[in-house]
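I have placed the structure first, in the form of structure tokens, so that the comments after it can refer back to it.
Read-outs: derived from the displayed coordinates by stated rules, not from any lab. As the structure is a computational prediction, the values presented were derived from the model and not from experiment. Here the Cβ positions follow ideal geometry from the backbone for every residue, glycine too, while neighbour counts run over all protein chains shown.
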Amino acid sequence: MLLAPDRRDRITASYLGRTSPLVKLGVAIAWLIGLTLTLDPRPAVLLAAVALVAVPTLGGISPQQLARVLLPAIAAIVAIGLTNLLFSASNTDPAAAEIARVGPLRLTTEAVAAALGVAARAAAIVGAGAAFALTTDTTRFVDALVQQARMPVRFAYGANAAYQTVPNLLLDAATLRAARRLRGLRAWHPRLLVGLLVRAIRRADQLGLAMDARAFGSGPRTTYRPIAWAWRDLIVGVGGLAVLALALGLATG
């Protein structure tokens, strides 16, 4: 996601933006593991609501921007819920309680409960992912992996460079399509994949040479952007786990 410099600076300076990416990633993983422990939709709804409220209030992102980013995901969640509702095996079970019938289609309470559970878990996953991705700068994340998780420098920054090549591939695809249109050819053609592969190999070769020129992996390195543990990391970590415990308590209550 490309942001204006002032908006990017506002997100980076926010409470979640200054929190260690490792803490946010750990909380997100804990939430995902917790969602696998229950089929009750209430914990997932609570986790999704907390994540979506935390992003604009603590992450420096406006609700309008958050809505634009999540609009495709919301459409996918609705589609997942409807698919599970309409094609649930419970709808053909004579013993299931029927709540509505539309022509030959029979809807049951079990199908509704299952569809709500799947949609709620999908919403919680999207919310946790959005809270991490929208408030985390990729370079800061890699710095945290190197400084706080002690990950090898060559692997961490190589992964960061590979991640940042995705937008470049989109730009390369647009350039190749424009070139084909200028030549009077169709914009989309399987040969585009060959061109993208060639450009990706060239970028990877240039990246490898650049990393070798900067002596990545050759020994100890100085730190340009030091990252240290802070009290807000503890607060976010404990708060995220407390919300998870409360959510799971709803399932058992």
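Once you list every other residue whose beta carbon is under 9 Å from the beta carbon of Trp188, what net charge do they have if Lys and Arg are +1 and Asp and Glu are -1?
Taking every other residue near Trp188 into account, the sum is +3.
Counting each DSSP H run of 4 or more residues in the chain as -39500 (n - 2.57), what helix-only mean residue ellipticity at 222 nm follows after dividing by all residues, to the nearest 500 deg cm²/dmol? Before the final figure, lay out the partial values.
Values: 10 runs with 180 residues, N = 253.
Rounded to the nearest 500, it is -24000 deg cm²/dmol.
What is the stretch 15-160's relative contact order, in percent, from Cα pairs under 8 angstrom and six or more apart in sequence?
Here the relative contact order equals 36 percent.
For the chain, state what percent of all Cα-Cα pairs lands in each successive 10 Å bin, counting from 0 Å until the bin that includes the largest distance.
6, 21, 25, 23, 16, 7, 1, 0
Helix check for the chain. Which DSSP H runs span at least 15 Å along their own axis by Cα, with a mean Kyte-Doolittle hydropathy no less than -0.5?
21-35, 41-58, 63-86, 109-134, 153-182, 191-213, 231-252
Excluding Arg106 itself, calculate the net charge of residues whose Cβ lies under 13 Å from the Cβ of Arg106, where each Lys or Arg counts +1 and each Asp or Glu counts -1. Can you show the working numbers first?
Working: positive: Arg101; negative: Asp93, Glu98, Glu110.
Counting the neighbours of Arg106, the net charge comes to -2.
By per-residue mean of other Cβ atoms within 10 Å, what is the highest-first order of 134-143, 118-127, 104-113?
118-127, 134-143, 104-113
Taking just the C-alpha trace of the stretch 153-213, give me its Rg and Dmax in Å.
Considering the stretch 153-213 through its Cα atoms, Rg and Dmax are 14.0, 46 Å.
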